[in-house]
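The values are calculated or read from the model by the stated rules, or taken from the named source; none is laboratory data. Computed from a predicted structure; not experimentally measured. With ideal geometry, Cβ positions are generated from the backbone for all residues, glycine too; neighbour counts draw on all protein chains shown.
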Amino acid sequence: MASSELIEALQALAHERKIDEFYLIDRLEASLAKSYQHILDLEWDARVTIDRQTGHIYVYELVPVGEPDEETGEYTEFEERDVTPADVSRIAAQNAKSVISSIVREAGRQSIYEEFAGRVGDLVTGTVLQGTPDFTIIKIRDGVEAELPHYDVKRYPGERNERPNGEHYRHNQRLKVLIIEVRDPGSDAPRMRGEQARPAIVVSRTHPDLIRRLFEIEVPEIYDGLVEIKSIAREPGARSKVAVASRERNLDPVGACVGPKGSRVRMVVEELRNERVDVIQWDEDPARYVANALSPAKVDRVLVDEENNYATVIVPDDQLSLAIGKEGQNARLAARLTGWHIDIKSASFTGAPLPQADNMLIDEDDFDDDEQLCAFVDDEGVRCRNHARPGSIYCGIHDDMDEE
């Protein structure tokens, strides 16, 4: 390639890729200097200059002059000796290809970073391009790809797993994902394994904010700010709880999120591959909030210890397993959602009924007469848990107490 053709090619590429022409030439000069130092077996460093008009290439050896600096041991003055070889253009053309490829790749990553760095937390729709055991490549649009990592974090502690358990993707499948990171190509932070070959954008299907963005799409009241999502607790692929509150007095936030016949929440569940989503009412009263968070279990009462952030929940015997959930899932999600440590106890386990408190959720006055408990109390102070017989305050076992 002639010198003039090289400079014309560089100018055309710089214009096409929107790369600074002088930056491109400077990078090529630096690369050529290292190559010529090795090819010509120079004793000292080399410097290469490319004439911006003609494209002629000149190679100089930087020969030190004088004595080195006493502190650093480095020379400060150099004499440039012309060592330009006869076939300088051929060697330059060979180096230009690799340098240009590197610059174009870096420029592309920088362009993507500048566009998407401010979009962390946004929901985007992409198409699955390729899957590997460690990550899936998602095409967001032409020329822009994202990485959905699902590494084995035990084998690779520094990596992520952003794929819910049980999810598998097929080629060309469309997915909604959340942008959680955009890698800065100019960062001085330590590089991740294979980062240069991996997309700069990292997306997630496990992040709690994915549910928040999906509800914003499906529920206009959330998008308009009439309903607020206060908290989200999630076990990806299995179950999630969402606490919502209304900023309008006459607007039911749970009903707005669920939609007519469950249509709105169903769209979210389908996008999450049938992950169960519980929408509950947020409340300023911690007792009511904790009780709501344990839905669908019914709660008798909640005693709150605000100093220790501890809530003791009393549930009917037949609701205990439902309140705790499979492998403790319901209680665990409720604790994450509310931020309270929750201790769940059955009514029978507590023995005598707890004294009525200000934060009781079900008042005794709400019970019908025929549902009153037996009034018998044994010598140890434990009250009988049987129901009283009609017309009596005692159950059938202790009915003879009436005669006494």
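Checking each residue in the stretch 264-274 for being surrounded by fewer than 21 Cβ atoms within 10 Å (Cβ to Cβ) and in a loop (DSSP other than H, G, I, E, B) picks out ARG273, ASN274.
So, in the stretch 237-252, how many residues would count as being assigned to a loop (DSSP other than H, G, I, E, B) and within 29 Å of GLU162 (Cα to Cα)? The number of residues fulfilling the criteria is 2.
For GLY255, the conditions (1) surrounded by fewer than 17 Cβ atoms within 10 Å (Cβ to Cβ); (2) assigned to a loop (DSSP other than H, G, I, E, B) are fulfilled apart from (2).
Determine, yes or no, whether ARG266 is of a type in the set (Lys, Arg) and within 23 Å of the chain's Cα centre (by Cα). It is true that ARG266 is of a type in the set (Lys, Arg) and within 23 Å of the chain's Cα centre (by Cα). Summed over the stretch 221-252, the residues that are closer than 25 Å to THR206 by Cα and in contact with a Pro (Cβ under 7 Å, 6 or more places away or on another chain) give a count of 7. Right, ARG234: assigned to a helix (DSSP H, G or I) and either buried (at least 18 other Cβ atoms within 10 Å of the Cβ) or in contact with a Leu (Cβ under 9 Å, 6 or more places away or on another chain) (or both) or not? It is false that ARG234 is assigned to a helix (DSSP H, G or I) and either buried (at least 18 other Cβ atoms within 10 Å of the Cβ) or in contact with a Leu (Cβ under 9 Å, 6 or more places away or on another chain) (or both).
Can you find even one residue in the stretch 321-341 that is touching a residue at least 12 places away in the same chain (Cβ under 8 Å) and farther than 21 Å from ILE232 by Cα? No, the stretch 321-341 contains no residue that is touching a residue at least 12 places away in the same chain (Cβ under 8 Å) and farther than 21 Å from ILE232 by Cα. Residues in the stretch 32-58 that are free of Cβ contacts under 8 Å to residues at least 40 places away in the same chain and over 18 Å from LEU10 (Cβ atoms): LYS34, GLN37, HIS38, ASP41, GLU43, TRP44, ASP45, ALA46, ARG47. Only one entry of SER231, SER240, SER246 meets the criterion of being under 16 Å from ASP283 (Cβ atoms), under 20 Å from the mean Cα position of the chain (by Cα) and among the hydroxyl-bearing types (Ser, Thr, Tyr), and that entry is SER231.
Does ASP69 fit the bill of being part of a loop (DSSP other than H, G, I, E, B), exposed (fewer than 15 other Cβ atoms within 10 Å of the Cβ), on the phi > 0 side of the Ramachandran plot and not small (Gly, Ala, Ser)? No, not satisfied.
Does at least one position in the stretch 263-274 carry a residue that is closer than 16 Å to ARG336 by Cα and of a type in the set (A, V, I, L, M, F, W, C)?
no
Filter the stretch 313-344 down to residues that are of a type in the set (S, T, N, Q) and surrounded by fewer than 18 Cβ atoms within 10 Å (Cβ to Cβ) and give me whichever is farthest from VAL279 (Cα to Cα). Ranking the qualifying residues of the stretch 313-344, first place goes to SER321. All of (1) in contact with a helix residue (DSSP H, G or I) (Cβ under 6 Å, 6 or more places away or on another chain); (2) modelled with pLDDT under 90 hold for MET267 with one exception: (2). Evaluating SER98 against the criteria (1) closer than 29 Å to ALA9 by Cβ; (2) surrounded by 15 or more Cβ atoms within 10 Å (Cβ to Cβ) leaves one unmet condition, (2).
Annotation note: of ALA46, ALA33, ALA9, ALA14, the sole residue that is within 42 Å of the chain's Cα centre (by Cα), of a type outside the set (S, T, N, Q) and surrounded by 13 or more Cβ atoms within 10 Å (Cβ to Cβ) is ALA14.
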